[in-house]
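First comes the structure, then the notes that go with it.
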Amino acid sequence: MPPDSLPIESHDVHHVEIGPQGHGQRIDNALLTLLKGVPKSMIYRLLRTGQIRVNGKRAKPNTRLLEGDSLRIPPLRMAKRSNTKVPDPRSLARLAEAVIFEDKHFLVIDKPSGLASHGGSGISQGAIELLRAARPGDTLNLAHRLDRDTSGVLVLARTRAGLLGLQAAIRAGTVSKQYLCLLLGHPSRARFEVNAPLKKFICQDGERMVKVSDHGKPALTFFREIEPYPQTRLMQASLETGRTHQIRVHAAHLGHPVAGDPKYGDKEANKRLREQGLHRLFLHATHLGFEWNGRSYAFSAPLPPDLKSFLDNCVVQQYG
């Protein structure tokens, strides 16, 4: 999901907690920011018909939000636009090269950094829209999501059975997910876990953030050192749960944010890293595995060239 809005087309109910910067904001103004691309008429219709609720109660357009309020947003369904943007052939070719597995039920890609999982928030086309355009004969649905700046294994379902099967495995916690991330500083141990609940909130400008909170949902991340560098550590992060921005928030909570993270990271450190050649979030989904329908699935994607080149430069700087 994009970090500053909800997807324009969504089949899920969303519950969002209002943060301190959203305190006192009118709900209609908050929704216009949060639901970028959704017509005003639709937002006011949702309010008028009682589908938007605050703390379980119907809300009027002039309702003022308070910090800690729970905002319920129903599934959004919009008519398809007739002037759909024609996909860039180069983008389609790039995605065709990114396919790492496909069978009857699943299509798996090594998603590039900078490509959203789906459109929304000013992004006309994400991976799902481009793949649907490239494969008009397929019925494709996202089985899970990666942040726009996170690269790596992204699974799409080609059948409803595959979609429901993988989503059930995710809910049951039986899907294995592993990432490579570069953490700033030197964690005191080579292996450790972060068990800290996470809660979403909305900033004044509508940007969606996540924080560690006793009132959040359970979140558990396991970290293991892969390679030490002078000012950073390459770590493997394994997810026991799959909360939004989980690795990034847990790493920042430790005091060792992910290198290149513009949302939860260290701005000064990121500036120095850019000068050294790191121009993106150093977070890559390397592995996703699960069992379904009597078969074991395991998908892997190696570290992309830009991140590997940055690490190689770090070695050169370290040893001359």
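Have a look at 200, 211, 57 and tell me which one the Gaussian network model of the chain (Cα, springs below 10 Å) gives the largest fluctuation.
In this elastic network of the chain, the residue with the biggest mean-square fluctuation among 200, 211, 57 is 57.
What shape does region 184-320 have by the C-alpha gyration tensor, where a ≥ b ≥ c are the square roots of the eigenvalues, rounded means a/c under 1.5, and otherwise prolate means a/b greater than b/c and oblate the rest? Mind showing how you got there, number by number?
On the way: a/c = 1.72, a/b = 1.17, b/c = 1.47.
Here region 184-320 falls in the oblate category.
Got a sec? Charge dipole of the chain, +1 on Cβ for Lys and Arg, -1 for Asp and Glu; which of 170, 226, 201 is way out at the positive end?
In the chain, that residue is 201.
Could you check which residue among 58, 189, 132 shows the biggest mean-square fluctuation in a GNM of the chain with a 10 Å Cα cutoff?
Result for the chain, Cα springs under 10 Å: 189 fluctuates most.
Shape call for region 202-262 from the C-alpha gyration tensor, a ≥ b ≥ c root eigenvalues: rounded (a/c under 1.5), prolate (a/b greater than b/c) or oblate? It would help to have the intermediate numbers written out before the result.
Numbers: a/c = 2.65, a/b = 1.50, b/c = 1.77.
Here region 202-262 falls in the oblate category.
Express in nm, to one decimal, how much length is gained between residue 102 and residue 279 on full extension, taking 0.36 nm for each residue of separation and deducting their alpha carbon distance. Mind showing how you got there, number by number?
Numbers: separation 177, 0.36 × 177 = 63.72 nm, distance 3.09 nm.
Gain on extension, residue 102 to residue 279, equals 60.6 nm.
Over 30 Å between Cα atoms, which of 104/217; 40/263; 36/57; 36/308; 104/177; 111/217 qualify?
Checking Cα-Cα distances, 104/217; 36/308 exceed 30 Å.
Tell me whether the chain comes out rounded, prolate or oblate; compute the Cα gyration tensor, take square roots of the eigenvalues as a ≥ b ≥ c, and use a/c under 1.5 as the rounded threshold. Show your work: numbers first, answer last.
Details: a/c = 1.66, a/b = 1.24, b/c = 1.33.
Oblate, since a/c reaches 1.5 and b/c is not below a/b.
Which of the peptides 36-46, 260-270, 108-118 is most tightly packed, and how do the rest follow, going by the mean number of other Cβ atoms within 10 Å of each residue? Intermediate results must be reported in sequence, preceding the final value.
Details: 36-46: 14.8, 260-270: 17.5, 108-118: 21.0.
Ranking the peptides 36-46, 260-270, 108-118 by packing returns 108-118, 260-270, 36-46.
Could you work out the relative contact order of the chain? I mean the mean sequence separation of Cα pairs under 8 Å and 6+ apart, divided by the number of residues, in percent.
On the way: 664 pairs, mean separation 53.9, N = 320.
The value is 17 percent.
Toward the positive end of the charge dipole of the chain, about the Cα centre and with charges on Cβ (Lys, Arg +1; Asp, Glu -1), which of 153, 31, 42 goes farthest?
In the chain, that residue is 42.
Report the extension gain between residue 192 and residue 26 in nm, rounded to one decimal, defined as 0.36 nm multiplied by the number of residues separating them, less their alpha carbon distance.
On the way: separation 166, 0.36 × 166 = 59.76 nm, distance 4.27 nm.
My answer for the length gained is 55.5 nm.
Region 238-298: percent of C-alpha pairs farther apart than 13 Å? Could the numbers behind the result be given before it?
On the way: 1230 of 1830 pairs.
Result for the distance tail: 67 percent.
Going highest first, how would you order 289-299, 63-73 by mean Cβ packing within 10 Å? Numbers along the way, then the final one.
Numbers: 289-299: 13.9, 63-73: 16.7.
Per-residue mean Cβ counts within 10 Å order the peptides as 63-73, 289-299.
What nm value, rounded to one decimal, do you get for the distance between residue 203 and residue 224 when each label is placed 7 Å out toward the C-beta?
3.5 nm
For region 102-189, which whole-number percentage of the solvent-accessible area (1.4 Å probe, protein heavy atoms only) is attributable to carbon and sulfur atoms? Write out the running numbers ahead of the final one.
Numbers: 1630 of 3480 Å².
After summing per-atom areas, the C and S share lands at 47 percent.
Would you grab the residues whose amide H sits under 5 Å from the one on residue 245? Only those 5+ places off in sequence or on another chain, please, with H modelled 1.01 Å from N.
Answer set, sorted by chain and number: none.
Can you tell me the length gained on complete extension of the stretch residue 171 to residue 44, counting 0.36 nm per residue apart and subtracting the Cα distance?
42.4 nm
Using a 7 Å offset from the Cα along the Cα-to-Cβ direction at both residue 60 and residue 12, what is the distance between the two label points in nm, to one decimal?
Reported label-point gap for residue 60 and residue 12 is 3.3 nm.
List, in order, the whole-Hz ³J(HN,Hα) value for each residue of region 173-183 obtained from phi through the Karplus relation with A = 6.51, B = -1.76, C = 1.60 and θ = phi - 60°; use x for Gly and Pro.
x, 9, 8, 8, 10, 10, 10, 9, 9, 9, 9
For the chain, what does the accessible surface come to per residue with a 1.4 Å probe? Please give it in Å². Let's see the in-between values first.
Details: 16050 Å² over 320 residues.
In whole numbers, the chain has 50 Å² accessible per residue.
If you roll a 1.4 angstrom probe over the protein chains with everything in place, what fraction of the accessible area of region 260-320 belongs to carbon and sulfur, to the nearest %?
Numbers: 1740 of 3530 Å².
Ligands and nucleic acids excluded, carbon and sulfur give 49 percent.
The values are calculated or read from the model by the stated rules, or taken from the named source; none is laboratory data. Bear in mind that the values here come from a model prediction, so they are computed numbers and not experimental data. With ideal geometry, Cβ positions are generated from the backbone for all residues, glycine too; neighbour counts draw on all protein chains shown. Ligands, DNA and RNA are stripped out before the accessible areas are found, and what is left, the full protein with its side chains, is counted by its heavy atoms. Shrake-Rupley method; radii C 1.70, N 1.55, O 1.52, S 1.80 Å.
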